[in-house]
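Have a look at the structure below before the remarks.
The values are calculated or read from the model by the stated rules, or taken from the named source; none is laboratory data. On a predicted model such as this, the values are computed, not experimentally measured, just so you know. Note that each Cβ is placed from the backbone with ideal geometry, even for glycine, and that neighbours are counted across all protein chains shown.
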Protein chains: 2
Amino acid sequence: MSEHGEGIRRRTKSVTRAEDIQAEEQKIRKKQPDKPCHKPRDSLFSWNSGFNDFTGFINWAFLLLSIGGLRLFLENFLKYGIRIDPLQWFYILTGQDDSGDEHPSLVLILYSCVPIVLCLLTEKGLAVEIVPNMTGMTIHIINLLVLILLPMVVIHVKDGFSLVGASFVTTLYSVLFLKLWSYVQVNMWCRMARQNAKGNLRRQSLSYSNLKSNKVNLHDDDSSTEDLKEHKKLIQYPDNLTLKDLYYFLCVPTLCYELNFPKTERIRKRFLIKRIFEVLIGVQIIFCVIQQYMIPSVKNSLIPFSNMDYTLATERLLKLAIPNHLAWLCMFYIMFHSWLNLLGEILHFADRSFYGDWWNANNIDSFWRNWNLPVHRWALRHLYLPMIEMGYSKSVGSLAVFFISAFFHEYMVSVPLKTYKIWAFMGMMGQVPLSYISKSVERAYGRRFGNLVFWSSIILGQPLCIMMYYHDYIVVRYGESLLEDYAHV
Amino acid sequence: MSEHGEGIRRRTKSVTRAEDIQAEEQKIRKKQPDKPCHKPRDSLFSWNSGFNDFTGFINWAFLLLSIGGLRLFLENFLKYGIRIDPLQWFYILTGQDDSGDEHPSLVLILYSCVPIVLCLLTEKGLAVEIVPNMTGMTIHIINLLVLILLPMVVIHVKDGFSLVGASFVTTLYSVLFLKLWSYVQVNMWCRMARQNAKGNLRRQSLSYSNLKSNKVNLHDDDSSTEDLKEHKKLIQYPDNLTLKDLYYFLCVPTLCYELNFPKTERIRKRFLIKRIFEVLIGVQIIFCVIQQYMIPSVKNSLIPFSNMDYTLATERLLKLAIPNHLAWLCMFYIMFHSWLNLLGEILHFADRSFYGDWWNANNIDSFWRNWNLPVHRWALRHLYLPMIEMGYSKSVGSLAVFFISAFFHEYMVSVPLKTYKIWAFMGMMGQVPLSYISKSVERAYGRRFGNLVFWSSIILGQPLCIMMYYHDYIVVRYGESLLEDYAHV
């Protein structure tokens with residue numbers, strides 16, 4: 001590498017050490033009648049030129065990506081024509097093609113109010129101390145377990161669920177489970193605080209009123225004192241146990257219950273219209289990508305996957321990876337930006353932090369901490385921290401979070417598909433070793449490589465899972481014989 | 001847009017104006033037993049969040065590009081197998097498949113020393129004033145015209161030229177034409193300077209020796225004085241007219257002649273080995289890309305192009321664009337970095353500025369000024385500036401440069417292909433209006449869009465020309481009937 005250090009300028013005979021000599025030389029050379037135009041210089045790609053402005057190649061990459069995308073779009077159109085059929089989605093969404101006039105998904109959705117009301121009644125009983133603590137908590141646990149197991153059993157036993165209908169039911173029940181868990185736990189904290197405070201109730205209330213009067217004195221020259229006073233009307237523990245409060249929490253875009261959510265003053269109509277527009281358009285785009293690009297790829301991947309034809313299977317996997325990833329990105333935006341902001345705007349919910357900047361994540365951990373903040377916050381507040389308080393180590397806490405997360409991923413995929421494989425579960429649990437790998441890559445090769453490892457795992461991991469599930473779905477539904485028939489064609 | 005301005009934080013009931021109120025509120029909220037975790041915040045994608053760090057998406061773009069490339073690589077392999085055949089190149093390069101034992105390209109290459117020697121002899125005659133000025137310049141002009149027309153006539157009349165052999169000959173003769181033009185013009189400048197100085201010869205030589213002694217006095221405490229003295233031994237006009245000096249100029253990586261080129265002290269062996277390695281590997285890569293990716297695409301594009309099937313032709317064009325562009329990028333690096341640096345290193349030539357940072361170009365002009373500095377410098381020094389001195393306007397000068405450039409593009413493509421169409425010429429002349437468009441795009445939408453326009457024209461313009469030439473080449477060689485046969489299949 002010693003030769004890298006010395007540039008062309010230093011090695012020329014004429015320009016050795018002194019700058020003034022070079023200047024003199026230029027002057028002499030300029031006087032020559034042959035109009036000299038050369039001087040000692042390095043090429044820009046040479047290390048010792050010191051040049052490193054390659055920003056144009058960023059535009060180049062995005063342009064090449066667009067051109068490649070446009071070409072694939074045309075190729076797909078020439079091969080398959082237009083596969084987009086909104087009517088098909090209408091049938092799938094309403095479940096009409098499978099079940100005629102029965103709507104089992106709808107029945108399950110409506111049934112969900114039963115565990116909700118039961119939960120509220122138990123809390124009310126606990127608050128007024130009709131129900132003893134242990135009994136109340138046992139009822140809660142049984143209620144939650146029944147809640148999460150019910151769709152599994154019903155969907156498995158009863159026919160007539162459409163895939164999308166069943167997916168919606170499992171998602172709803174998963175969210176409900178997490179929300180009610182949070183509701184029960186927060187109310188338990190409040191109850192414990194009330195019990196602790198019972199002895200020294202007088203003292204605490206005094207100090208609280210002191211605090212209040214202090215503040216009024218502090219700001220009585222301020223016009224915002226009105227706001228402060230209004231704000232001080234915080235809802236206190238047993239007053240929150242109403243059906244209205246519970247349903248507000250269930251509708252609001254968060255999984256963490258608290259008694260006094262921060263609220264916005266008014267609904268921004270322009271903002272709301274934009275979000276509604278995004279949801280309507282975005283859902284259409286996702287449907288189009290699925291019908292036009294993903295379904296043909298997945299179908300074509302069946303045989304190579306079954307026959308362990310690695311080259312062809314890899315080609316199929318990569319072919320599926322791009323539209324799947326774009327659909328996922330679109331889904332992320334629609335779900336976490338448009339839809340949750342829409343809900344928040346309508347319900348005056350002020351905390352819109354639904355995602356961090358996971359696209360800059362330098363390792364897998366950082367992605368999982370940032371891409372789904374409602375779940376991340378729930379896991380931290382209601383699983384990880386309570387476990388730490390109970391005396392478990394941090395790594396056990398993390399593992400528990402990944403385990404619960406893996407369970408719900410599996411639950412939301414396997415139950416609607418009725419294929420009780422563990423690909424999604426394994427995929428999630430596989431994040432634990434993968435996170436160690438990505439962290440060591442980040443440490444060894446820097447942040448950029450860590451970021452690349454994270455993107456690769458996202459882009460390639462998902463289509464792999466999709467193919468495995470589709471393969472098993474076909475095998476379960478139509479048997480191995482079909483695969484063999486296909487293979488002989 | 002007024003609604004964009006107001007963030008969630010400002011619109012919440014509790015946090016209106018004063019920062020201390022917010023702090024107070026947080027303190028009160030923190031005291032609640034329900035462990036509040038929400039606070040008023042905007043989503044990152046909302047304008048008023050002020051967040052704009054999307055650097056992770058740059059890695060994302062490059063990764064998606066690689067994945068797409070890998071998939072196309074596999075798809076191509078599955079469809080065509082391995083098309084790479086080094087032996088085929090050997091035959092094409094040596095022209096054995098066409099001509100048996102005759103090597104007309106080699107004859108033309110060897111013949112090139114005739115105009116070179118003729119040029120030197122004429123210069124010698126002019127220097128010692130045996131040949132009158134007008135006669136000498138007429139001989140030069142005829143010599144140069146014969147030089148550039150000879151390959152055209154010979155390749156057209158005589159069979160047995162391989163495509164690559166003929167391309168090599170036309171490239172060599174083009175370079176020779178530009179170099180000899182420069183040689184003649186520089187010597188003319190020197191001769192004119194000598195004539196002007198004849199009257200006041202005594203005075204000038206005095207002032208020159210003064211300058212010299214000054215400098216020695218200035219630096220006589222400096223060890224570099226030796227270098228300076230050595231450097232002062234500049235070659236003066238008639239002494240440079242030797243065959244050795246002329247052949248050194250013809251081998252050196254520049255098109256601009258001068259009497260005293262800046263030189264390096266020694267050859268960096270490591271640097272040299274790297275460049276040799278790059279040339280050997282790079283040429284192989286280009287050959288592979290052409291055989292494996294470009295030739296199938298070009299062949300498949302024949303029918304859609306002929307039948308004016310726009311969708312299919314566009315798909316073919318985009319399919320060809322990517323490998324063609326990669327081959328071009330590779331060719332650029334091998335040609336302008338590896339090969340010219342290799343030559344420079346061997347010949348102790350110190351000026352290695354063969355290209356600017358054209359990848360950051362914001363308009364077409366800036367690309368043409370930067371991508372090929374030897375030609376750009378030649379055009380500036382020997383065509384544009386002399387024309388300006390002769391009283392032409394700047395735009396006429398630019399047009400002349402583009403015209404000469406277009407001529408040589410056409411010359412180096414049409415002559416080997418023997419299809420005297422004007423696609424390359426038109427492509428180059430089309431740069432003039434395109435440059436206006438790209439400049440107005442840059443002015444209207446900013447530098448990034450200017451850069452995108454430049455990249456698009458590079459990536460899409462080349463394959464379009466290739467397809468048109470190939471189409472005409474097939475039509476000329478095999479006639480329209482073949483196309484019709486193809487179309488009916």
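There is no residue in segment A:353-365 that is surrounded by fewer than 18 Cβ atoms within 10 Å (Cβ to Cβ), at negative phi, of a type in the set (S, T, N, Q) and assigned to a helix (DSSP H, G or I). In segment A:240-256, which residues are part of a helix (DSSP H, G or I), more than 10 Å from chain B (Cβ to nearest Cβ) and more than 20 Å from the chain's Cα centre (by Cα)? Those that are part of a helix (DSSP H, G or I), more than 10 Å from chain B (Cβ to nearest Cβ) and more than 20 Å from the chain's Cα centre (by Cα): A:Leu243, A:Lys244, A:Asp245, A:Leu246, A:Tyr247, A:Tyr248, A:Phe249. When B:Phe57, B:Phe45 are screened for being facing chain A (nearest Cβ under 7 Å), modelled with pLDDT of 80 or more and part of a helix (DSSP H, G or I), only B:Phe57 passes.
If you scan segment A:317-366, which residues turn out to be touching a residue at least 40 places away in the same chain (Cβ under 8 Å), within 16 Å of B:Asn48 (Cα to Cα) and of a type in the set (Asp, Glu)? Matches in segment A:317-366: A:Glu345, A:Asp351.
Count of segment B:438-460 residues, restricted to those that are surrounded by fewer than 17 Cβ atoms within 10 Å (Cβ to Cβ), closer than 23 Å to B:Leu318 by Cβ and more than 8 Å from chain A (Cβ to nearest Cβ), is 1. Put simply, of A:Trp371, A:Trp378 the only residue that is over 13 Å from the mean Cα position of the chain (by Cα), of a type outside the set (Asp, Glu) and buried (at least 16 other Cβ atoms within 10 Å of the Cβ) is A:Trp378. Residue pairs whose Cβ atoms lie under 8 Å apart, sitting 6 or more positions apart in sequence or on different chains, and linking a residue in segment A:134-157 that is free of Cβ contacts under 8 Å to residues at least 24 places away in the same chain to a partner that is polar (S, T, N, Q) and in a helix (DSSP H, G or I), are A:Gly136/A:Thr122; A:Ile139/A:Thr122.
Within segment A:406-420, one or more residues are under 30 Å from A:His156 (Cα atoms) and among the acidic types (Asp, Glu). As a summary of the residue check, A:Leu259 satisfies the conditions (1) surrounded by 14 or more Cβ atoms within 10 Å (Cβ to Cβ); (2) within 9 Å of another protein chain (Cβ to nearest Cβ); (3) more than 25 Å from the chain's Cα centre (by Cα); (4) not in a loop (DSSP other than H, G, I, E, B) except for the one numbered (4). Evaluating A:Gly427 against the criteria (1) under 20 Å from the mean Cα position of the chain (by Cα); (2) at positive phi leaves one unmet condition, (2).
Checked against (1) within 7 Å of chain A (Cβ to nearest Cβ); (2) more than 29 Å from the chain's Cα centre (by Cα); (3) farther than 22 Å from A:Phe54 by Cα, B:Tyr80 passes all but condition (1).
Selection of first residues in segment B:247-265 that are over 20 Å from A:Ser43 (Cα atoms) and of second residues that are crowded, with 18+ Cβ neighbours inside 10 Å and of a type in the set (Lys, Arg), restricted to Cβ pairs under 6 Å at least 6 apart or on distinct chains, gives the following pairs, ordered by first then second residue: B:Leu250/B:Lys179.
Identify, please: which residue in segment B:321-343 is farther than 14 Å from B:Leu460 by Cα and within 10 Å of the chain's Cα centre (by Cα) and is, among those, farthest from the other protein chains (Cβ to nearest Cβ)? In this case the residue turns out to be B:Met331. Every condition in (1) touching a His at 6+ places or on another chain (Cβ under 9 Å); (2) closer than 19 Å to B:Tyr473 by Cα; (3) surrounded by fewer than 19 Cβ atoms within 10 Å (Cβ to Cβ) holds for B:Ile295 except the one numbered (1).
When the criteria are applied in full, A:Arg29 meets the requirement of being crowded, with 17+ Cβ neighbours inside 10 Å, over 36 Å from the mean Cα position of the chain (by Cα), among the basic types (Lys, Arg) and at pLDDT 70 or above.
Applying the set (1) under 29 Å from the mean Cα position of the chain (by Cα); (2) within 22 Å of B:Arg266 (Cα to Cα) to A:Lys39 leaves exactly one unmet item: (1).
For segment A:314-330, enumerate the residues that are more than 18 Å from A:Phe73 (Cβ to Cβ) and surrounded by fewer than 20 Cβ atoms within 10 Å (Cβ to Cβ).
Let us first name the residues in segment A:314-330 that are more than 18 Å from A:Phe73 (Cβ to Cβ), namely A:314-317, A:328.
Across segment A:314-330, the qualifying residues are A:Thr314, A:Trp328.
Yes or no, residue by residue, for (1) farther than 24 Å from A:Ile67 by Cβ; (2) at pLDDT below 90; (3) within 14 Å of another protein chain (Cβ to nearest Cβ):
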{"site": "A:Ile276", "(1), (2), (3)": "yes, no, no"}
{"site": "A:Ile290", "(1), (2), (3)": "no, yes, no"}
{"site": "A:Ser297", "(1), (2), (3)": "no, yes, yes"}
{"site": "A:Thr311", "(1), (2), (3)": "yes, yes, yes"}
{"site": "A:Glu315", "(1), (2), (3)": "no, yes, yes"}
